[in-house]
Amino acid sequence: MISKSTIDQVYETARVEEVIGDFVQLKKSGSNFKGLSPFSDERTPSFMVSPVKQIWKDFSSGKGGNIVAFLMEHEHFTYPEAIKYLAKKYNIEIEETERTDEEKAVADERESMYLVSEYASKYFQEILYDSERGKAIALTYFKERGFTDETIKKFSLGYCLDQWDGFTANALEKGYQLNYLKKTGLTIVKEDNFDASKTKKFDRFKGRVMFPIHSMSGRVLGFGGRILTNDKKAAKYLNSPESEIYHKSKVLYGIYYAKQAIAKEDNCYLVEGYTDVIQFNQRGIENVVASSGTALTPEQIRLINRLTKNITVLFDGDAAGLRASLRGIDLILEQGMNVKVCTFPEGEDPDSFSKNNSYDQVVEYLENNAKDFIQFKASVLMQEASDDPIKRADTVRDIVNSIAKIPDRIKKEIYIQECARIMKVSEAVLFNTLAQIGKKDQSDQFKKTRQDQKAFEVVKPEPVAEKVDVQYELERKIIEMLLLYGNEKQQFEDLVLKENEEGDLELEPESSEVKVYEKIYLDLQEDEIELTNERFRDIYYKLIAELNEKANFSINSFLAEINQDLVTEISSILMEEEKYSLHNWESKDIYPKSKETTISQLVSETILTLRCFLIKKRMEALQMNTENNNDDNRETLEEIVNYLQLNMLLNKKLNRVLS
């Protein structure tokens, strides 16, 4: 267990904008930061981070919370893992008490797989440097590739001995379960052909140099292994199989090392292989990732999209690579990103070129040779078309098809103009072709939608006008006021109900100076008002206790001590103002929110409004009771009249017309 003092220090030190900035490209927006949601596919930023409140809110998915909640949601960390990650980032020493057997048993399957993968990475690194065969075979190979010791250690490169179960036997001896060795793909388990009760265990990466594949936060998800022999029957590269923690299509090799450089440079170099990434890093160019042994996928592009809008695809000039890049370009364009392509001289690839040239030479080459996708596509396809007019027409159509995938209309028009210039075709013809493609896409989409509707035919209800839940909004506002102003002392004008000389009810003002939380608590107690929303009620009582006990209330400290579900709810409450403008709230006619409204006014009028609402509900219930009851209803009618008179007084105080 991590000590409370360590947790408190982590929360006091860590900055939500710095941590989230490692995963999402954030831009200043007033006192906040905004960026693209890391949880959904969007092109307009709806992800907000508040440095002042130390919380975040993703309006596209509804998720939100504090710094720990983000790591738990984005990286699938457990609470202790998130705290440890932050402690490591901010160089905070972790004080940890011994875990009980029961606590150890609670670790879920994903965490067990992460632990196995982390252990495997360390084991392969030790074999590389500490074993004779590791140094003689694998380390020599890496050195021949031009990798320095610093680079080898930075990327945690390693070696799996050329033995059937060297790693597996060691892991089992250390207490790691065979079940998780199998699920991570590190160990292959087969039944014995002669005895079904027995199994044979093999190291998947036997005799291979190892490239750990990390998540954006640095966790080991899987491995890539390269064979060092000339065995033609064995695959040159072998990757970990799909697992609960490793999905090839959603991972980019090197993203952990590249994320900050990508955001800083506002560009990402995309290469094909592990060694391309490593060699570029060693040369000093860190904003580079590889597609981890798979064809480029939309998920991988969206991973980059969180950090930058600009991708430069780098590859050698073989025909297969060219064709694959053309397919990848269309996927990148569909995500609304800007794409350039850079090829290397014949016989060179990113690995060899960066190895054989200085940093300045590599940077200069990339700047001078990175082509816009239209220029690149035109040059590639025109070589194939030669002087054949039919093939030339197909080339033009191919380029326009790519332009059609761009979501931004202005960019489309500019690219059409550029295509017309390069291909020497009139803009009118190209715009007409673009329109035809658009109509066809719409038609295809309409047909697909109709087919889906027929497959799942349901009767749609008539649209119902959105109805505001007044009590929910008022209770939500009470929580917000407690969070933001709970410990502030204010001058309040309390309203006391009294009878005048004529026997009529009147509200007489009485001034008092108390803290906001005391005013809210006493008023709700006096009226015997209980919050109806279960989560709000839970937060309310925790807040009242915290404000009563601590003179220096801190939202950040409070969030550190409560359930993460409530943290998400609180962040949603505090960030609501970023989503709704002043007009939105006024249209609800629930409570005032003008700039001139003081804290004491806001508190008093919110509670008065809640009183009015509850009184109105009580009157409606009494009226219904009299309609359904044939007995003498005089007492009930007198109660209704009293409530009506009180409601009129409260509404008059609020300057509202009685509804």
- Task: Normalise the Debye intensity by I(0) for region 1-122, one equal point scatterer per Cα, no solvent, then take log10 at q = 0.14, 0.15 Å⁻¹ and round to two decimals.
- Result: -0.68, -0.77
- Distance in nm between pseudo-label sites at E427 and D162 (7 Å out along the Cβ direction from Cα): 6.5 nm
- Query: Using the C-alpha atoms of region 121-166, what convex hull volume per residue, in cubic angstrom, is computed?
  - Reply: 65 Å³
- Determine the distance separating the Cα centre of region 29-62 from the Cα centre of region 243-301; give it in Å without decimals. 24 Å
- Note on the structure: Length gained if Y472 through E150 is fully extended, taking 0.36 nm per residue and subtracting the Cα-Cα distance, is 110.2 nm
- Task: Translational diffusion coefficient, Stokes-Einstein: compute it for region 224-291 using the Kirkwood radius over C-alpha pairs as Rh, at 4 °C and 1.567 mPa s, and state it as an integer in µm² s⁻¹.
- Result: 97 µm²/s
- How big is the shadow of the Cα convex hull of region 1-60, averaged over all directions, in nm²? 5.0 nm²
- Item | Cα coordinate range in region 186-225, projected on the principal axes (Å, largest first) | 44, 21, 7
- Item | Cα-only radius of gyration and Dmax that characterise region 171-247, units Å | 14.1, 45
- Task: Return the subset of K183/K206; K88/K135; K28/K154; K63/K477; K34/K489 for which the Cα-Cα distance in this structure is over 23 Å, preserving the input order.
- Result: K88/K135; K28/K154; K34/K489
- Item | Residue order for D394, D130 - accessible surface, 1.4 angstrom probe, largest first | D130, D394
- Note on the structure: Semi-axes a, b, c in Å (a largest) for region 236-336, each sqrt of 5 times a Cα gyration tensor eigenvalue, come to 18, 17, 16
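Listed highest first by mean packing, meaning other Cβ atoms within 10 Å per residue, what order do 137-146, 209-218, 273-282 come in?
273-282, 209-218, 137-146
Using Cα pairs under 8 angstrom and six or more residues apart, how large is the relative contact order of region 14-145, in percent?
Normalised by residue count, the contact order of region 14-145 is 13 percent.
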- Query: Working from the pairwise distances between different alpha carbons, so that the mean of 1/r is found and then inverted, what is region 328-369's Kirkwood radius in Å?
  - Reply: 11.8 Å
- Item | For region 280-431, alpha-carbon Rg over 2.2 N^0.38 Å | 1.09
- Task: Over the alpha-carbon set of region 113-222, divide Rg by the Kirkwood Rh and report the Rg/Rh ratio to two decimals.
- Result: 1.01
- Task: Please report, as a whole percent, how much of the solvent-accessible surface of region 191-240 comes from carbon and sulfur atoms (probe radius 1.4 Å).
- Result: 46 percent
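The values are calculated or read from the model by the stated rules, or taken from the named source; none is laboratory data. None of the values given here were measured: they were computed from a predicted structure. Neighbour counts run over all protein chains shown; Cβ positions are idealised from the backbone, glycine included. Only protein heavy atoms, including side chains, enter the accessible area calculation; ligands, DNA and RNA are left aside. Shrake-Rupley method; radii C 1.70, N 1.55, O 1.52, S 1.80 Å.
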